[in-house]
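Report on the structure given below.
The values are calculated or read from the model by the stated rules, or taken from the named source; none is laboratory data. All figures in this text were calculated on a predicted structure; none of them were measured in a lab. Positions of Cβ are generated from backbone atoms using ideal geometry, with glycine treated the same way; all protein chains shown enter the neighbour counts. Just the protein is used for accessible areas: all its heavy atoms, side chains included, with ligands, DNA and RNA removed. Shrake-Rupley method; radii C 1.70, N 1.55, O 1.52, S 1.80 Å.
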Amino acid sequence: MVELHLGESLDFPWLFFNNETATVYVNLTAESALGFSAVASPSFVVLNGSAWGQIVLRLTAPSQGAGGSGTVVVHLVAVNLQTDAAAWENVTLPATLLGVPPPGDATGKLLGVWPNPLPPPLDNMWAAFGLSMLFWVAIATGLTFVVHPLAKAFVRRATAKLDDVVHILRVPVFVFTLLYGFVRSLAILGVPPDQLLYSVYRFPLIILLTWVGYRIFRDVLVDYGRRLGKRMKGGVDERLIPALEKVGAVVIAIVGLILAVQSLGYDITLVLAGFGVIGLVIAFAAQDTVSNFFAGIYIMLDRPFRVGDLVEIDEDVICTVEEIGLRTTKLYWGKNHTYIIMPNNEMANRKIINYVRPNRRFRANVKVGVSYRSDLDQVKEVMLSIARSHPWVLKDPGFEPIFRVVDFGESTIVVMIIVWVDDVDQKWHIGSDLREQIKKRFKEEGIDIAFPQRVVEIVAPGRVRVEPSQGEGDDR
């Protein structure tokens, strides 16, 4: 018994079994005087010996008309493909067409809910569909030109960072509303919401969401990163942000494409596996470049040094950081007036002495050896006086010049003056200036700068006794 409302569909599965050894071709069709449309899926099956097969017959009632009773005639044809012998059989099924749509059926209704209020000749499903689409257009227009400005004004008062997000969502919300309304309104025309329709609906929706994600990434996140990079003053906004922008755009596009293709029902597992293998091969072949790239990102984010910093990368190799790239770091070695191009991976794993951290103040030490006959109080007073008179030497509390006796040598007493300067770039100048002034003042004050010497005394003919001197400091 077949009983359908107007516009309703019903599936009838037909199972077939071939109990012979020969291959059999089976075909199924149907017809009805009630106006039912019949579609077989598949239209035929080929059965080998002792094999099963299935054909699904879908009967769809007309969307308009009066009810009535009748029959549905199903025509079955079986052909033996080896002998070409054919058999026919007709199966008659009683059928009833109900003149009213089933409960909840949206066919011919305004927005799929209310009966069509339009007078003839507009009292049909196409007029209801058009009127419903006008309603969805009005909704989309209202969201775009009324709700959007209000939301933008509200968000601008709360925080300016979300203002760009609301602006980006303007067009997507309009398109999404129309797309959603179009798919919902298809039920008014009696189009069943099958899997294919929803797949076609999800595809543009995912493309739209991918575009929204990219715009938010580019106009909001990347812009915020540039502003943050300018505050960091380390070249981050000039090199790292553009690189991350390109990588992020590619990742968003690939993810969106994968989701869109999957929404159409395609299995791309093998494709992803292939890309994974290719990615591993590329990563292995370019491991040094990849390592330097991520090391460059680490240096820019962790910032152990910045452009303009004075760093020591090896013993007696003190350089100024000129440029921090994604692959290498450029250093200027002032001592030899040369550039050192260092791979970022090596820079990240090397012990670096940064002379401008925590600030650019620097402590310089100047040592000198005086004779054992020198008055240490006088030496201390002269050296502190020289340090305090230099304009670069700091005199603030906690940074005053300090005098220290370092060691007793064979010929000298080693003393040292410790001074602070405001800028580390002055370290070489301050040392030279202080040594020059110490030499002049010591000569004026009669303080001997001792140097190693030996005193030879002849104690008997043919015998020589050698004693180390105590640092007379004269110029003999």
- Query: Can you name the number of the only condition in (1) closer than 30 Å to GLN262 by Cα; (2) modelled with pLDDT under 80; (3) hydroxyl-bearing (Ser, Thr, Tyr) that TYR180 fails?
  - Reply: (2)
- Query: LYS246: open to solvent by 80 Å² or more (accessible area, probe 1.4 Å) and at pLDDT below 70, yes or no?
  - Reply: no
- Residues that are under 30 Å from LEU228 (Cβ atoms), part of a helix (DSSP H, G or I) and touching a residue at least 40 places away in the same chain (Cβ under 8 Å), drawn from the range 260-308: ASP288, SER291, ASN292, PHE293, ALA295, GLY296, ILE297, TYR298, ILE299, MET300, LEU301
- Message: Whether any residue in the range 10-24 is under 30 Å from MET125 (Cβ atoms), hydrophobic (A, V, I, L, M, F, W, C) and modelled with pLDDT under 90 is what I want to check.
- Response: yes
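Select the strands (runs of 3 or more DSSP E) contained entirely in the range 327-411, then report the ones holding at least 2 residues which are under 30 Å from ARG303 (Cα atoms).
Ranges flagged: 328-333, 338-343, 362-370.
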- Query: Within the range 1-30, how many residues are of a type in the set (S, T, N, Q) and assigned to a loop (DSSP other than H, G, I, E, B)?
  - Reply: 4
- Query: Within the bounds of the range 286-303, is there any residue that is modelled with pLDDT of 80 or more, hydrophobic (A, V, I, L, M, F, W, C) and touching a Phe, Trp or Tyr at 6+ places or on another chain (Cβ under 7 Å)?
  - Reply: no
- Message: Which of the numbered conditions does LEU209 fail, given that it passes all the others? Conditions: (1) modelled with pLDDT of 75 or more; (2) more than 19 Å from the chain's Cα centre (by Cα); (3) open to solvent by 50 Å² or more (accessible area, probe 1.4 Å).
- Response: (2)
- Task: Identify all residues within the range 35-59 that are outside any strand (DSSP E or B), closer than 30 Å to LYS109 by Cα and open to solvent by 30 Å² or more (accessible area, probe 1.4 Å); write none if there are none.
- Result: GLY35
- Task: Give the range 434-476 a look and list any residue that's at pLDDT 65 or above and either in contact with a Phe, Trp or Tyr (Cβ under 8 Å, 6 or more places away or on another chain) or aromatic (Phe, Trp, Tyr) (or both), or say none.
- Result: PHE442, ASP448, ILE449, ALA450, PHE451
- Item | Of residues in the range 125-150 being in contact (Cβ under 8 Å) with a residue 60 or more places away in the chain and open to solvent by less than 50 Å² (accessible area, probe 1.4 Å), the one nearest to the chain's Cα centre (by Cα) | PHE129
- With the condition kept exactly as written, say whether any residue in the range 364-378 is open to solvent by 50 Å² or more (accessible area, probe 1.4 Å) and among the aliphatic types (A, V, I, L, M). yes
- Message: Just to be sure I understand the filter: pairs with C-beta atoms under 6 Å, separated by 6 or more residues or on different chains, first member in the range 151-163 and more than 15 Å from ASP223 (Cβ to Cβ), second member at pLDDT 70 or above and open to solvent by less than 50 Å² (accessible area, probe 1.4 Å). Which pairs pass?
- Response: ALA151/VAL166; LYS152/VAL166; VAL155/ASP163; VAL155/VAL166; ARG156/ASP163
- Item | Total residues in the range 304-326, condition of a type in the set (D, E, K, R) and either out of contact with any strand residue (DSSP E or B) (no Cβ under 9 Å at 6 or more places or on another chain) or buried (at least 17 other Cβ atoms within 10 Å of the Cβ) (or both) | 5
- Message: So if I check each of SER32, SER69, SER43, which one is within 60 Å of the chain's Cα centre (by Cα) and polar (S, T, N, Q)?
- Response: SER43
- Just to be sure, is SER185 at pLDDT 80 or above, surrounded by 14 or more Cβ atoms within 10 Å (Cβ to Cβ), under 28 Å from GLU8 (Cα atoms) and among the small types (Gly, Ala, Ser)? yes
- Task: Report, by residue number, each residue of the range 66-113 that is more than 15 Å from ASN27 (Cβ to Cβ), in contact with a His (Cβ under 6 Å, 6 or more places away or on another chain) and either modelled with pLDDT of 85 or more or outside any strand (DSSP E or B) (or both).
- Result: PRO101, PRO102
